Amino acid sequence: MKVPALDTLWVYLSGSPLLSLLATLVAFALAVRINRLVGGTPWLHPVTLAIAILIGFLLLVDMDYPSYFEGAQFIHFLLGPATVALAIPLYDHRERVRRLLWPLVVACMAGIFTAVTSTLGIAILLGVSQETLMSLAPRSVTSPIAMGIAEQIGGIPSLAAGLVLLTGSIGCALGPGIFRLLGIRDPAVQGFTMGLSAHGFGTAHCFARLGAVAGAFSGLSMGLTGLLTAFLLPLITGLLGLG
């Protein structure tokens, strides 16, 4: 059996959208491996590492983002079903959620208000532009929702997505230490907090490190935060005179 030469294989892949999909999967698998080798530290989150590896790859092969996205859009499409699938573990804990529904909603609204006002306040003091302000405002919700909100309130969707990833990465890095410092051991509280502050990153961390209960409450917090932010953010920016 004749094995195709590497240069022939590269010519075929470089002209196919499959290259982007393959590069994304390989980058993430490599990032997961590296994260495990360093003990699973949240300071080197697999998603953050995969992004860095992909950026290096795109620069190396001189591929622009539209060309990359042509092949990677299948993974982008799966983001929606993956988010909806978080309802499955949440269903297993529906009775506890029903009992805590109003405290959770109040906590979520308080978290949104704190995140938005503190972010915008610091950004205003630093003198950032209006467009950047509106991109910063939805940084504490999951990427698809943040991009949609940013577009509606005058921000830059791509910048908002990048800030969401940065927020999630920092939240995963700092969250466990804060829990230990404050003595918080309830997985439901840990999960809800991680979902509120670190959205998808925090939810993945909860399922991997803190268990199914934390993951379920993190998924609930992430969805609830996204829903409420879409309604509350225009009101908050309007009250601050930024709308």
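The values are calculated or read from the model by the stated rules, or taken from the named source; none is laboratory data. In this text the structure is predicted, and so the values were computed from the model without any measurement. Ideal geometry is used to build each Cβ from the backbone, glycine not excepted, and the neighbour counts take in all protein chains shown. These accessible areas exclude ligands, DNA and RNA; they are computed on the full protein's heavy atoms, side chains included. Shrake-Rupley method; radii C 1.70, N 1.55, O 1.52, S 1.80 Å.
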Sorting Val128, Val105 by accessible area (1.4 Å probe), largest first, what list results?
Val128, Val105
On a C-alpha basis, how far is the centre of segment 62-82 from the centre of segment 35-50 in Å? Whole number, if you could?
22 Å
Over the chain, give the accessible area per residue in Å² for a 1.4 Å probe, as an integer.
57 Å²
In whole Hz, what ³J(HN,Hα) sequence does segment 93-110 give by Karplus (6.51, -1.76, 1.60; θ = phi - 60°), x for Gly and Pro?
10, 5, 5, 5, 5, 4, 5, 9, 4, 5, x, 5, 5, 5, 4, 5, 5, 5
Considering Cα pairs under 8 angstrom that are at least six residues apart, work out the relative contact order of the chain and quote it in whole percent.
18 percent
Taking 0.36 nm per residue of separation between Gln130 and Ser158 and subtracting their Cα-Cα distance, the length gained on full extension comes to 8.5 nm
Taking the Cα centroid of segment 88-115 and of segment 130-187, what is the distance between the two, rounded to the nearest whole Å?
18 Å
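Going from most exposed to least, what order do Asp62, Asp92 have by accessible area with a 1.4 Å probe?
Accessible-area ranking of Asp62, Asp92, largest first: Asp62, Asp92.
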Nearest 10 degrees, 0 to 90: what angle lies between the long axis of helix 212-239 and the longest principal axis of the chain (Cα atoms)?
70 degrees
To the nearest 10 degrees, how steep is helix 65-84 against the longest Cα principal axis of the chain, on a 0 to 90 scale?
40 degrees
Using a 1.4 Å probe on the protein chains only, how many percent of the accessible area of the chain belongs to carbon and sulfur?
72 percent
Using 1/(1 + (r/R0)^6) with R0 = 30 angstrom and r between the beta carbons of Leu30 and Asp62, what's the FRET efficiency to the nearest 0.05?
0.90
Work out the charge dipole of segment 57-121 with +1 on the Cβ of Lys and Arg and -1 on the Cβ of Asp and Glu about the Cα centre, then indicate which of Ala85, Gly111, Leu101 is farthest towards its positive end.
Leu101
How many nm separate the modelled label positions at Trp43 and Ala85, each set 7 Å beyond the Cα in the direction of the Cβ?
3.2 nm
To the nearest 0.05, the calculated FRET efficiency linking Ala208 and Leu174 through their beta-carbon distance, R0 being 22 Å, is 0.85
To test your reading of the geometry: what angle, between 0 and 90 degrees and rounded to tens, separates the Cα axis of helix 143-153 from the longest principal axis of the chain?
70 degrees
